[in-house]
Amino acid sequence: MTRMKIRVAEITDIPAMHRIRLAVRENVLTNPLAVQEADYVPYLTQIGKGWVCERGGELLGFAIVDLENKNVWALFVDPASEGQGLGSALHDGMLVWYFSQTDVPLHLGTAAGTKAELFYQKRAWEKVGVESNGDITFIMPRKPLHLSS
């Protein structure tokens, strides 16, 4: 089997990233038009950084961190590729880069009762609240990272 590769996301990756975003089974966009391909551009070029996971030239997952607002804008894996460690690899690389840029805690929100909630809890994210829409807010302060193996 071809090895997975994590690399910095490029503008040309946006269509594949967006396809994955629209294919997820959890944290589904209630309005698929709420996030457009153009919305990815500033995160990749001005206010953040992104990474993709690919195998054999096929994009299987991606992560984007917003350095300006100190949050995880996206971390999604193609449903057909879940459970293979791609999300963990993207997550860990994103945290290493983020905390090489700033000491400010990173935050994110995700739907309650999902695999994503368990994913972040397992990686030592701290639950700090619940939004009005029911999403859970997590925070990751700078500390020795509990990275996946």
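So here's what we get for this one:
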read-out	value
Strands (runs of 3 or more DSSP E) contained in the range 1-103 and holding at least 1 residues open to solvent by 40 Å² or more (accessible area, probe 1.4 Å) and farther than 26 Å from W125 by Cβ	48-55, 58-66
Condition check for I136: surrounded by 16 or more Cβ atoms within 10 Å (Cβ to Cβ), over 22 Å from I6 (Cβ atoms), of a type in the set (V, I, T) and touching a helix residue (DSSP H, G or I) at 6+ places or on another chain (Cβ under 7 Å)	yes
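The values are calculated or read from the model by the stated rules, or taken from the named source; none is laboratory data. What you see is a predicted model, and the numbers here were worked out from it, not measured in a lab. So basically every Cβ, Gly included, is an ideal-geometry build from the backbone, and we count neighbours across all protein chains shown. All accessible areas refer to the heavy atoms of the entire protein, side chains included, with ligands and DNA or RNA removed. Shrake-Rupley method; radii C 1.70, N 1.55, O 1.52, S 1.80 Å.
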